[in-house]
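A.B. asks: Have a look at this one before I ask anything.
The values are calculated or read from the model by the stated rules, or taken from the named source; none is laboratory data. Since the structure is predicted, the reported quantities are computational estimates derived from the model, not experimental observations. Quick reminder, even Gly has a Cβ in these numbers, built from the backbone with ideal geometry, and neighbours come from all protein chains shown.
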Amino acid sequence: MQIYQVGGSVRDKFLGLPVADRDWVVVGATPQEMETLGYRLVGKDFPVFLHPQSHEEYALARTERKVGPGYKGFTVHASPDVSLEEDLRRRDLTINAMALAPDGSLIDPFGGAADLQQRRLRHVSPAFSEDPVRILRVARFAARFAPLGFEVAEETLDLMRAMVEAGEVDALVPERVWAEMLRALSETTPSRFFEVLRACGALRVLLPELEQLFGIPQPPQHHPEIDTGVHVMQVLDRAAQLTTDAAVRFAALLHDLGKGTTPREEWPRHVGHEERGLGLVEDVCRRLRVPKDYRDLAVLTAKYHGLCHRAEELRPATLLDTLQALDAFRRPQRFEQFLLACEADSTGRPGYERQPYPQADLLRRMLKLAASVDAAALAAQDMTGESLATELRRRRIALIRTARAESGAISEDSDT
């Protein structure tokens, strides 16, 4: 029995990054021998064991053979006669196909160390094309290592394009796509995930609503980047600078989908794109089986980000209606997520990154004022039902109007 440290922990060690989890491969052993030594079997599709003390994962060396379409169409062969190099050959990227021997020496049959030095994401072998999930993984690694200057090797991009053309991406199940996307959204530069998918053609299959935004112009006086797709990528990365919350980043990603449906003759303006985008956001979330809290925030951001940007111009009644539509009184945490997504949209433009976003503070102040009206006190005055709601609304609008007048904003409003 020979045991080697493999995978991401080896890669990150050579990159000088923190190593959170270590994985191990065992050559020359049987499942029975592992269990005799106290290892606990946890793998369902192939033999993976937990170490009796460290609880780290130890997998028996294995090979894989493609027998059907998609990422599940494999048979796995694990036996004592599988060599370390055969196990490493089945891995996706050269930088993930290195191993450390017990004496600390590097085993690198596919040039992973050189690719680390050259900041290159390169596939190990043509077998890469057998698993469409690897397209998502390469895009995710591109997002993770973008700050270090990593790029996808052109030969790997070519192979990914061929996989897309062969229909391999069509076999991906929604849950796996969402899982990889969610992990990518948590990276430092999440835009690279979608840019790599676009470069290989996978974006038009997985997220055609996002693909459609590229090449659509916006008014240059407001959007120096002009291209809507480029704008969304900038907003996404700005959201990543503002928060680690993946739900906010997801909302930023989908906030402008409606611009993809603007008639060409109306370009570069996109009047009403907020409403037009709602169905597209819901389609994406339904297709990828996105969790409800992510979906709800994305829908609200798509619908109300324009109103948020114009908060200083809104009449008191409209301000209150917006707060109520956002359910800000009952869901203050989600309201803060919404404000972050809107700030990312506003400041995620060239030259705007350091600009303040006073609209967020304004809406926070108006929410606090409106929430200060004591509904219980009104109910104690025998107000119920419609009369209670009407009086509550009237008092809230009055407070907002007074505050806006004191700040010098126009607050005349006949709405009740």
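A.B. asks: Step by step: first the residues of segment 333-351, then only those that are out of contact with any helix residue (DSSP H, G or I) (no Cβ under 7 Å at 6 or more places or on another chain) and in a loop (DSSP other than H, G, I, E, B), then the one that is surrounded by the fewest Cβ atoms within 10 Å (Cβ to Cβ). Which residue is that?
C.D. replies: If we take residues in segment 333-351 being out of contact with any helix residue (DSSP H, G or I) (no Cβ under 7 Å at 6 or more places or on another chain) and in a loop (DSSP other than H, G, I, E, B), then GLY351 is surrounded by the fewest Cβ atoms within 10 Å (Cβ to Cβ).
A.B. asks: Here's another thing I want to ask about it. For the structure I just gave you, tell me whether PHE150 is outside the structural domain of PRO18 (by TED's automatic domain parsing) and either within 28 Å of PRO291 (Cβ to Cβ) or free of Cβ contacts under 8 Å to residues at least 24 places away in the same chain (or both).
C.D. replies: no
A.B. asks: Out of VAL248, VAL177, which single residue is touching a Leu at 6+ places or on another chain (Cβ under 9 Å) and closer than 24 Å to LEU339 by Cβ?
C.D. replies: Every option except VAL248 fails the conditions.
A.B. asks: Here's a follow-up. For segment 202-218, enumerate the residues that are more than 13 Å from HIS273 (Cβ to Cβ), part of a helix (DSSP H, G or I) and touching a residue at least 24 places away in the same chain (Cβ under 8 Å).
C.D. replies: VAL205, LEU206, LEU210
A.B. asks: Considering only residues that are crowded, with 18+ Cβ neighbours inside 10 Å, among the acidic types (Asp, Glu) and touching a Lys or Arg at 6+ places or on another chain (Cβ under 9 Å), which ones fall in segment 256-295?
C.D. replies: The answer is GLU274, and nothing else.
A.B. asks: To continue, here is another question. Can you report the number of residues in segment 27-51 which are assigned to a loop (DSSP other than H, G, I, E, B), at pLDDT 90 or above and closer than 22 Å to ALA99 by Cα?
C.D. replies: Residues meeting the conditions: 5.
A.B. asks: Let me spell it out: the conditions are (1) more than 19 Å from GLU175 (Cα to Cα); (2) in contact (Cβ under 8 Å) with a residue 40 or more places away in the chain; (3) in contact with a helix residue (DSSP H, G or I) (Cβ under 8 Å, 6 or more places away or on another chain); (4) among the charged types (D, E, K, R), and LYS303 meets all of them except one. Which number is the exception?
C.D. replies: Among (1) more than 19 Å from GLU175 (Cα to Cα); (2) in contact (Cβ under 8 Å) with a residue 40 or more places away in the chain; (3) in contact with a helix residue (DSSP H, G or I) (Cβ under 8 Å, 6 or more places away or on another chain); (4) among the charged types (D, E, K, R), LYS303 violates only (2).
A.B. asks: On the basis of being touching a Lys or Arg at 6+ places or on another chain (Cβ under 6 Å) and either over 20 Å from ILE95 (Cα atoms) or at pLDDT 90 or above (or both), does GLU56 make the cut?
C.D. replies: Values: touching a Lys or Arg at 6+ places or on another chain (Cβ under 6 Å): yes; either over 20 Å from ILE95 (Cα atoms) or at pLDDT 90 or above (or both): yes.
Criteria met by GLU56.
A.B. asks: Show the residue pairs that are 6+ apart or on different chains and have beta-carbon atoms under 7 Å apart, the first residue being within segment 178-201 and farther than 22 Å from LYS292 by Cα, the second being of a type in the set (Ser, Thr, Tyr).
C.D. replies: The qualifying pairs do not exist here.
A.B. asks: Let me ask another. Under 22 Å from VAL76 (Cβ atoms), part of a loop (DSSP other than H, G, I, E, B) and not acidic (Asp, Glu) - does that describe any residue in segment 128-145?
C.D. replies: Among the residues of segment 128-145, at least one is under 22 Å from VAL76 (Cβ atoms), part of a loop (DSSP other than H, G, I, E, B) and not acidic (Asp, Glu), which makes the answer yes.
A.B. asks: Kindly list the number of the only condition in (1) in a helix (DSSP H, G or I); (2) under 21 Å from GLN218 (Cα atoms) that fails for ALA360.
C.D. replies: (2)
A.B. asks: Here are some residues: LEU236, LEU253, LEU297, LEU320. Which one is over 16 Å from the mean Cα position of the chain (by Cα) and either under 28 Å from ARG176 (Cβ atoms) or assigned to a helix (DSSP H, G or I) (or both)?
C.D. replies: Answer to the selection: LEU320.
A.B. asks: Does segment 220-233 contain any residue that is under 19 Å from VAL290 (Cβ atoms) and not in a helix (DSSP H, G or I)?
C.D. replies: Checked against the condition, which is being under 19 Å from VAL290 (Cβ atoms) and not in a helix (DSSP H, G or I), segment 220-233 yields no hits at all.
Table: residues versus (1) over 28 Å from GLN333 (Cα atoms); (2) among the charged types (D, E, K, R); (3) at pLDDT 95 or above.
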position	(1), (2), (3)
SER191	no, no, yes
LEU206	yes, no, yes
LEU213	yes, no, yes
GLN221	yes, no, no
ASP227	yes, yes, yes
ALA247	no, no, yes
LEU254	no, no, yes
